[in-house]
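The values are calculated or read from the model by the stated rules, or taken from the named source; none is laboratory data. In this text the structure is predicted, and so the values were computed from the model without any measurement. Every residue, glycine as well, gets a Cβ built from its backbone with ideal geometry; the counts of neighbours run over all protein chains shown.
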Amino acid sequence: MNGRREIRPTDDLTAAQRHELIASMRPEDAERVPELHEVDVPADMKEEIETAMARYPERRSAVIPALWAVQRRYGWCTPDGVRQAAAVMGVTPGYLQAVASFYDLFKTAPIGRHRVLVCTNISCWLCGGDELLGAFCGSARCDSHEAEHGGASSADGELYVTAAECLGACDVAPMASIDERYYGPLSPQDVPSVVDRLRAGAEPAPENAVARRPLAAGSGDEQFTFEYRGGDDR
């Protein structure tokens, strides 16, 4: 544990066990803020978090961008990654862990390398969102019930598929966020190709990329494109 005390979940403790645990606590048991010299923080991640902190008058306001930096680097909010971010921000790892465990887009356990969030809210549902989710589960060989209730990963660890509430792209329903980029409209027939391309390391559905859609702006032959990303404040 690198000299750190093991942190164990308390969800299954009885009320009596909780009282006993609280009574046994001492001031020296309180988690402290890790020092930068104690933690091996990747230079690019440190720079990304510091850049986010510089945008706000209160450093704790950068918690969400910091956690995204951790998750993008490691695939999920690993204990070591959270500790690295905490050292940069000057907060306790527990503070960051509390935020990560609150938001369902942050993962506190390993999941599939490629993330597929299929929108199943009203617009996408009316246009076949449930069928699209089922197609992704079938092609990725994920459990569809799990995908509908918190997410499911493929056996090979390559894909994570989950139903998502409104992703704010009703005009391209049914759609999905794939590795933080929006694609739509998609049909169940598109899914085998999308999954194959993901496994091959290629862009999943370039012809359906929202980032490449022209904006309703400009004049003449000008074309403006935009990047529609979930979970990124940039």
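Within the range 8-43, the residues that satisfy the criterion of being over 26 Å from the mean Cα position of the chain (by Cα), under 22 Å from R83 (Cα atoms) and either at pLDDT 75 or above or surrounded by 11 or more Cβ atoms within 10 Å (Cβ to Cβ) (or both) are R32, E35, H37, E38.
For every residue, the table says whether it meets (1) within 19 Å of A209 (Cβ to Cβ); (2) not polar (S, T, N, Q).
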| position | (1), (2) |
| --- | --- |
| Y103 | no, yes |
| C119 | yes, yes |
| D130 | no, yes |
| A140 | no, yes |
| S144 | no, no |
| S153 | no, no |
| G157 | no, yes |
| A163 | no, yes |
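Remark: V70 matches the filter, which requires a residue to be among the hydrophobic types (A, V, I, L, M, F, W, C), part of a helix (DSSP H, G or I) and over 19 Å from Y182 (Cβ atoms).
Within the range 68-79, residues that are assigned by TED's automatic domain parsing to the domain that holds M53 sit with their Cβ atoms under 6 Å from residues that are of a type in the set (K, R), at 6+ positions apart or across chains, in these pairs: W76/K107.
When the residues of the range 83-131 are filtered to those that are acidic (D, E) and at pLDDT 95 or above, the one that is farthest from the chain's Cα centre (by Cα) is E131.
Evaluate the range 63-76: report whether one residue or more is modelled with pLDDT of 95 or more, of a type in the set (G, A, S) and farther than 30 Å from D190 by Cβ. Yes - at least one qualifying residue is present in the range 63-76.
Could you look through the range 168-203, keep only residues that are more than 21 Å from the chain's Cα centre (by Cα) and small (G, A, S), and pick out the one that is nearest to R141 (Cα to Cα)? Step by step, filter the range 168-203, then rank; the result is S193. Of all residues in the range 149-190 being part of a helix (DSSP H, G or I) and out of contact with any Gly (no Cβ under 8 Å at 6 or more places or on another chain), which is surrounded by the most Cβ atoms within 10 Å (Cβ to Cβ)? Among those that are part of a helix (DSSP H, G or I) and out of contact with any Gly (no Cβ under 8 Å at 6 or more places or on another chain), it is D190. Residue-level analysis places A140 among those that are crowded, with 23+ Cβ neighbours inside 10 Å and in the same structural domain as A205 (by TED's automatic domain parsing).
Residue-level check: of (1) under 13 Å from H114 (Cα atoms); (2) touching a Leu at 6+ places or on another chain (Cβ under 8 Å), G157 misses just (2). Listed by first and then second residue, the pairs with beta-carbon distance under 7 Å, at least 6 apart or on different chains, first residue in the range 151-172 and on the phi > 0 side of the Ramachandran plot, second in a loop (DSSP other than H, G, I, E, B) and modelled with pLDDT under 95, are G151/I111; G157/G112; G157/R113. Considering the conditions (1) touching a helix residue (DSSP H, G or I) at 6+ places or on another chain (Cβ under 8 Å); (2) free of Cβ contacts under 8 Å to residues at least 60 places away in the same chain; (3) of a type in the set (V, I, T); (4) farther than 25 Å from S193 by Cβ, T51 is excluded by exactly one of them, (1). Residues that are closer than 24 Å to L198 by Cβ, touching a helix residue (DSSP H, G or I) at 6+ places or on another chain (Cβ under 9 Å) and not hydrophobic (A, V, I, L, M, F, W, C) within the range 114-129 comprise H114, T120, N121, G128, G129, listed in sequence order.
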